[in-house]
Amino acid sequence: MKLYNTLTRTIEEFKPIKDKKVGLYTCGPTVYNFAHIGNLRTYIFEDILKRVLQYNGYKVKHVMNITDVGHLTGDRDMGEDKQEKAAQKEGKTAWEIADFYTQAFKKDLADLNIIEPDIWCKATDNIPEQIDLIEKLEAKGYTYKISDGIYFDTSKFQDYTKLSHQKLADLQEGARVEVNEEKRNPTDFALWKFSPKDAKRQMEWDSPWGIGFPGWHIECSAMSMKFLGRELDIHCGGVDHIAVHHTNEIAQSEAATGKKFFNYWIHGEFLNIAGGKKMAKSADNFLTLENVFIKQGINPLAYRYASFLTHYRKPMEYNEEGVQAALNAMGNLIKQVIGLGKKVGEINIDYKNKFLEVLNDDLNMPQAIAVVQKMLKSDLSDADKLATILDFDKVLGLGLDKVKKEQIEIPKEVQELVKEREEARKNKDWGKSDELRDKIWKLGYLIEDTPDKTVIKKS
Ligand code: AMP
Ligand code: ZN
């Protein structure tokens, strides 16, 4: 299995630390708002990575954190705490905010058929571990204290730029967006921030340095080492994490332990809105799975499918036509699968090998979809095609096995409403058609209109 490693900037053969076991850490959401579909693109890519590892026979231990404290409005340890700011805005406690958006995030994952991590870990549940790590760094002379916290001195860590491959001067220039005159170097980052003297924070803890809260980066170092032990194989996130978050994670972890932190660093490119504009949570103008797909009666798995059509290392542009095209393509795939009948034959080894070959070539999903299409058009028997596509679905995760079962299990009441809706559509009574679609949705079924057929799925 070959993967592009940001650390070496090459496509490398993947070799886990322990035979056939993989430790996978994926940076999770900051839970002060809903995840947008850009964030979700990253989580789909990570899900594919995990499924491909499993498809290759690896046993994956997957850890994902929940950032529920310490991520400030500026990425460079300045500004307000995103969590506490959202609490003020919404009139809830910071804890309630974290809980609410964590649940919303888990629903997004379920809607996209993303396999949950084996271990979820919250920053606020692991404060002693973070304090421990900072103490180790302090003992080794990597830290210093200024008026608002304890900082990591990046000039003391050799090779600070090894992940980003940027010149130190460029990284420092990037860090100057938020100037803190007391820092020794622009790239230095907070390990522990002090609570303000004049105000009480909702989330704060005692520490050897005074009452405060951990910096954003330290949680991922502390929790990945706690839960994965020495099996630090793969660490993932979006490309925005390369220059700051992951660079700082590497510096503080390797400084503390003297050992290499994670062998493979894999990053997913961004989802952009038209014109190459980045979709960002903090911009407050972002699209959610709920608004763009679910509320419109569009199966959210169409987004999963859409993301397959762009390689994870290439930027993907969001537009409505793209969504429609993916919806149609997925609808066609589902129709084809339904058309194969019920008999499950044998998995075709040639096609399985082709599928595996492109997946193992740095997760080439556009090519994997091409193999799926080719297989379905081939002269294999329907029963063998069905067995093969159901096997492929272990990676695709489109729930094709369920599609087959539900096809025969749609309740009478829903079937009647669907018929009524088809009638309304024929009469171009779009208002009634939408009303019926909502009714059907409330009964737990999603309607998808493909050019020549209406497909019904459990929502
Ligand atoms: P956050 O909740 O902001 O910490 O981000 C969660 C994950 O989404 C991280 O892995 C980010 O790198 C990633 N991410 C943020 N914005 C985008 C985007 N527009 N497209 C793809 N991934 C993104
Ligand atoms: Zn992280």
Relative contact order for the chain: what percent, with Cα pairs under 8 Å and sequence separation of 6 or more? 17 percent
Which net charge results when you count Lys and Arg as +1 and Asp and Glu as -1 among the other residues whose beta-carbon is under 10 Å from that of MET316? 0
Surrounding net charge for ILE294, when Lys and Arg each add one and Asp and Glu each subtract one, Cβ distance under 11 Å: -1
Mind ranking LYS200, LYS59 by accessible surface for me, highest first, 1.4 Å probe? LYS200, LYS59
Per DSSP H run of at least 4 residues, take -39500 (n - 2.57); add these up for the chain, divide by its residues and hand me the 222 nm value, nearest 500 deg cm²/dmol. -13500 deg cm²/dmol
All other residues with a Cβ under 15 Å from the Cβ of ASP148 taken together, and with Lys, Arg as +1 and Asp, Glu as -1, what is their net charge? -2
Of all DSSP beta bridges located in the chain, what percent are antiparallel, nearest 5? 55 percent
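With a 1.4 Å probe and all protein chains left in place, how much accessible area per residue does segment 11-119 have, in Å²?
Values: 4100 Å² over 109 residues.
Per-residue value: 38 Å².
Over segment 121-163, average the accessible area per residue using a 1.4 Å probe and give it in Å², no decimals. Don't skip to the end; give the middle numbers.
Details: 1910 Å² over 43 residues.
Counting only protein heavy atoms, the per-residue value for segment 121-163 is 44 Å².
The values are calculated or read from the model by the stated rules, or taken from the named source; none is laboratory data. Since the model is a prediction, treat every value here as computed from it, not as a measurement. So basically every Cβ, Gly included, is an ideal-geometry build from the backbone, and we count neighbours across all protein chains shown. These accessible areas exclude ligands, DNA and RNA; they are computed on the full protein's heavy atoms, side chains included. Shrake-Rupley method; radii C 1.70, N 1.55, O 1.52, S 1.80 Å.
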